[in-house]
Amino acid sequence: MNVLIHTCCAPCLLYPTQILQEQNVGFTCYFYNPNIHPYREFRSRLNSFIDLAEQRNFKVIIDRDYGIGQYLRSVAFRESQRCRVCYETRLKRTAQLARDNNFTHFTTTLMFSIHQNHDLIQSTGHHYAKREGVSFYYQDFRDGWEQAGKEATELNLYQQKYCGCIFSEQERYDNRLKKRLKKKRDNHV
Ligand code: SF4
């Protein structure tokens, strides 16, 4: 097995790489995230990823393009569906890169986060595996959430305060919006 790991940031990479190393599986980490805004946040996450990869001698492929234009065009007029579009964008590219570079599998650190829509990420991964002809490595990396969180703090890794896009940044800091969203969720229960 030789796995291409789509990587969103350094803290989320710790546990998936630990699991692959324990299984003696070869891997390369692929940083590709057109959804991290604004630019200085993108640079902070990218630099932290590079530092960790150098410390641990990981093989890497890095897409350094900021990508905000591409992201905004892809979610315009369907902002409520933006996470689905975001997962599709990143996993489609990862599956294609894996296929073109003879990886046997691809996977994603998105499956580490307890804040993401895990089932949707899993089904999106399987969809692009089938479409691009390369296997999707599924594992519920959320098992390592607590342990890897402590390790990220000990290693002094940059830890972001919001998911990535400008919409998630507003949801993190705008208290009026938070109240509106909570009310909307409560009304749907
Ligand atoms: S909230 Fe996170 S997963 Fe959803 S679109 Fe924004 S960056 Fe992507």
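Just so it is clear, none of the values below were taken in a lab; they were calculated from the coordinates. Fair warning: this is a prediction, and the values are worked out from it, not measured in the lab. With ideal geometry, Cβ positions are generated from the backbone for all residues, glycine too; neighbour counts draw on all protein chains shown.
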Starting from 0.36 nm per residue, how many nanometres of slack lie between residue 187 and residue 74 once their C-alpha separation is accounted for? 37.8 nm
Cα convex hull volume per residue for the range 107-180 (Å³): 134 Å³
How compact and how long is the chain, expressed as Rg and Dmax of its alpha-carbon atoms in Å? 16.4, 49
Under a cut-off of 18 Å between alpha-carbon atoms, report the lysines in cross-link reach of residue 179, not counting same-chain residues fewer than 8 places apart. none
Just want the answer: with Cβ charges of +1 for Lys and Arg and -1 for Asp and Glu, which residue in 53, 108, 42 is farthest toward the dipole's positive end in the range 2-164? 42
Ranked output for segments 25-33, 99-107, 111-119 by mean other Cβ atoms within 10 Å, highest leading, reads 25-33, 99-107, 111-119
When the label point is put 7 Å from the Cα of residue 173 along its Cα-to-beta-carbon vector, which residues of the range 17-49 have a backbone N closer than 17 Å? 36-45
Calculate the length of the line joining the C-alpha centroid of the range 98-140 to that of the range 1-71, in whole Å. 15 Å
Pick out, from 29, 136, 80, the residue whose Cα sits farthest towards the positive end of the charge dipole of the chain, with +1 on the Cβ of Lys and Arg and -1 on the Cβ of Asp and Glu. 80
List the trypsin sites (Lys or Arg not before Pro) in the range 1-91 that DSSP assigns to loop (not H, G, I, E or B) and whose Cβ has at most 16 other Cβ atoms within 10 Å. Which are they? 64, 78
